[in-house]
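Scroll down for the structure; my scribbles are underneath it.
All of the numbers you see were taken from the coordinates with simple rules; none came from a lab. Fair warning: this is a prediction, and the values are worked out from it, not measured in the lab. Methodologically, a virtual Cβ is constructed for each residue, glycine included, from the backbone with ideal geometry; neighbour enumeration extends over all protein chains shown.
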Amino acid sequence: MKFATKAIHAGQHADPTTGAVMTPIYQTSTYRQSSPGEHKGYEYSRGTNPTRKALEDCLAALENGKFGLAFSSGMAATDTVLRLLQPGDEVITGDDLYGGSYRIFTKVYEQYGIKFVFIDTSDLKALEDAVTDKTKLIWVETPTNPTLKLADIEAIGKIAKKYDILYVVDNTFASPYLQNPLDLGADIVMHSATKYLNGHSDVVMGALVLNDEALYKQLWFFYNAVGGTPGPQDAFLALRGLKTLHVRMKAHCENAARIAEFLKTHPKIEKIYWPGFTDHPGHDVAEKQMRDFGGMISVVLSDADLQETFRIASRFKVFTLAESLGGVESLINHPATMTHGSIPKEARERVGVVDNLLRISVGIEDVDDLIADLKQVLGD
Ligand SMILES: C=C(NCc1c(COP(=O)(O)O)cnc(C)c1O)C(=O)O
């Protein structure tokens, strides 16, 4: 099946007893057993739930994977992968990444003796040079949050395979509609499903998709033992969101391209990050591994200190100043004080997350209204 058909049907079928076309919300914590241990595949909803299973199977299908796991948040998914590590292990990851990922790496898992090495993942030599005999995990975002750096998924996969290192790609910014890391050599693809996958800013959720059965069983063990699993209502909403992912991503990409072109020459914009521009350093990698350039744009405002940046960020009427991304509504975010505030100023400014940087999640409103809103704030 093609992507659009999988988005609507994968993992789902009409209910055999009632004929219900949509997967029911199995709002139950437990399941009757005919005798101890004799059940219909479901014992307790922390471990498995039919609504969540339908979502996990659909997610797996969209990422061309065999196994899917859904979590109560993207960070719960990240946490579950990190539980594979032992004290003394090292992780290579990007120097530009979501602030919450930086936080769990440095404020939670470093205390358990895990060492995190932050490098420019667009620099393959720097990445391979960072490998030691203690390196057990490579964790890559691409495009990165928020400066939209591109990492060559396939090339990093070759490095991971060469040194037998577990390789995870956080595919949140692209979504499986635009790129499929498992097909390019990743062992696990991770998502904040809160974003494009659910797509309506009404669910917080995470996901992992993979092909290796032994690894899946290890992750499922942590998933069940620790219990970072989502409820059936959120699973139902996310499953419904997936059904329009292909339509929404097309609209996000079209709108973002128009807005990027508008902002590229705007006098109030000093620098713009959007992988669709041919002068973006990662444009060739984006062309190679992405089917389009996504809905995320970041800009550095010209002649704007923190106060001026705050003033601008607070004046939009259609764009909403808020954390998160990937919903149908357009959002503006100030990473330095909002989503990336947990990253020390020196570390984030080194990679371009400066006080006058704004991140734009371009929604699927009418693009003329979005450009009109940008004009009323920034000027023509
Ligand atoms: C909330 C935001 N990011 C969440 C996020 C996460 C965490 O997902 P949560 O569902 O918010 O727990 C993981 N990876 C990436 C690339 C992310 O962007 C944000 O950037 O506004």
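Which residues in region 225-240 place their backbone N less than 13 Å from a point set 7 Å from the Cα of residue 43 along the Cα-to-Cβ direction?
225
Taking the Cα centre of each part, how many Å lie between region 1-17 and region 294-368?
Using only Cα atoms to place each centre, the spacing works out to 36 Å.
As a footprinting exposure proxy, order 303, 96 by other Cβ within 10 Å, with the fewest listed first.
If I rank by nearby Cβ atoms, fewest first, I get 303, 96.
Distances over 21 Å make up what percent of all Cα-Cα pairs in region 3-242?
The answer is 56 percent, as a whole percent.
Can you tell me the length gained on complete extension of the stretch residue 34 to residue 347, counting 0.36 nm per residue apart and subtracting the Cα distance?
Stretched out fully, the residue 34 to residue 347 stretch lengthens by 106.9 nm.
What's the magnitude of the charge dipole for region 63-176 around its Cα centre, counting Lys and Arg as +1 and Asp and Glu as -1 at the beta-carbon? Answer in Debye, nearest 20.
Computed charge dipole of region 63-176: roughly 300 debye.
At 7 Å along Cα-to-Cβ for each site, give me the label-to-label distance between residue 322 and residue 283 in nm.
Going from the residue 322 label point to the residue 283 one covers 3.4 nm.
Could you give me the ³J(HN,Hα) list for region 153-169, computed from phi with Karplus coefficients 6.51, -1.76, 1.60 and θ = phi - 60°, whole Hz, x at Gly and Pro?
Karplus values, whole Hz, x for Gly and Pro: 4, 5, 5, 5, x, 5, 5, 4, 5, 4, 9, 6, 10, 5, 10, 10, 10.
If I build a Gaussian network model for the chain, linking alpha-carbon pairs within less than 10 angstrom, which residue out of 304, 251, 160 has the largest mean-square fluctuation?
304
For residue 193, list long-range residues whose amide hydrogen, built 1.01 Å from N in the peptide plane, is under 5 Å from its own amide hydrogen.
It is 74, 205, 206, 207, by chain and number.
So how tilted is helix 50-62 from the main axis of the chain? Cα-based, degrees 0 to 90, rounded to 10.
50
For the residues 253, 58, what sequence is obtained by ranking on other C-beta atoms within 10 Å, fewest first?
In increasing order of surrounding Cβ atoms, one gets 253, 58.
Let's test the formula: R0 of 22 Å, r as the Cβ-Cβ distance of residue 250 and residue 1. What FRET efficiency results, to the nearest 0.05?
About 0.75, to the nearest 0.05.
If you line up the long axis of helix 232-242 against the longest principal axis of the chain, both from Cα atoms, how many degrees apart are they, to the nearest 10?
Here the helix axis deviates by roughly 50 degrees.
Need one number: % antiparallel among DSSP beta bridges in region 138-214, to the nearest 5.
40
Given a Förster distance of 25 Å, report the FRET efficiency between residue 311 and residue 264 from their Cβ-Cβ distance, rounded to the nearest 0.05.
With a Förster radius of 25 Å, E is 0.65.
Over the chain, what is the percentage of antiparallel beta bridges among all DSSP beta bridges, to the nearest 5?
55
Helix-only estimate, please: 222 nm mean residue ellipticity of the chain, summing -39500 (n - 2.57) across DSSP H runs of length 4 or more and dividing by its residues, to the nearest 500.
-10000 deg cm²/dmol
Which distance in Å, rounded to a whole number, links the C-alpha centroids of region 55-72 and region 153-214?
The distance from the Cα centre of region 55-72 to that of region 153-214 comes to 11 Å.
For a quick check, take a GNM of the chain with Cα springs below 10 Å and name the residue from 174, 214, 238 with the largest mean-square fluctuation.
In this elastic network of the chain, the residue with the biggest mean-square fluctuation among 174, 214, 238 is 214.
Figure the gain on full extension for residue 107 and residue 64 (residue separation times 0.36 nm, minus the Cα-Cα span) and round it to one decimal in nm.
Once the chain is fully extended between residue 107 and residue 64, it gains 12.2 nm.
If you place +1 on the Cβ of every Lys and Arg, -1 on the Cβ of every Asp and Glu, and leave all else neutral, what size is the dipole of the chain about its Cα centre, to the nearest 20 Debye?
860
Would you please give the residues with an amide H less than 5 Å from that of residue 120, counting only those at least 5 places away or on a separate chain, with H modeled from the backbone geometry?
95
To the nearest 20 debye, what charge dipole does region 254-380 have about its Cα centre, counting +1 at the Cβ of each Lys and Arg and -1 at the Cβ of each Asp and Glu?
The dipole magnitude comes to about 300 debye.
Arranged from highest to lowest average of other beta-carbon atoms within 10 Å per residue, in what order do the peptides 68-77, 334-343 appear?
Ranked from most to least packed, the peptides come out as 68-77, 334-343.
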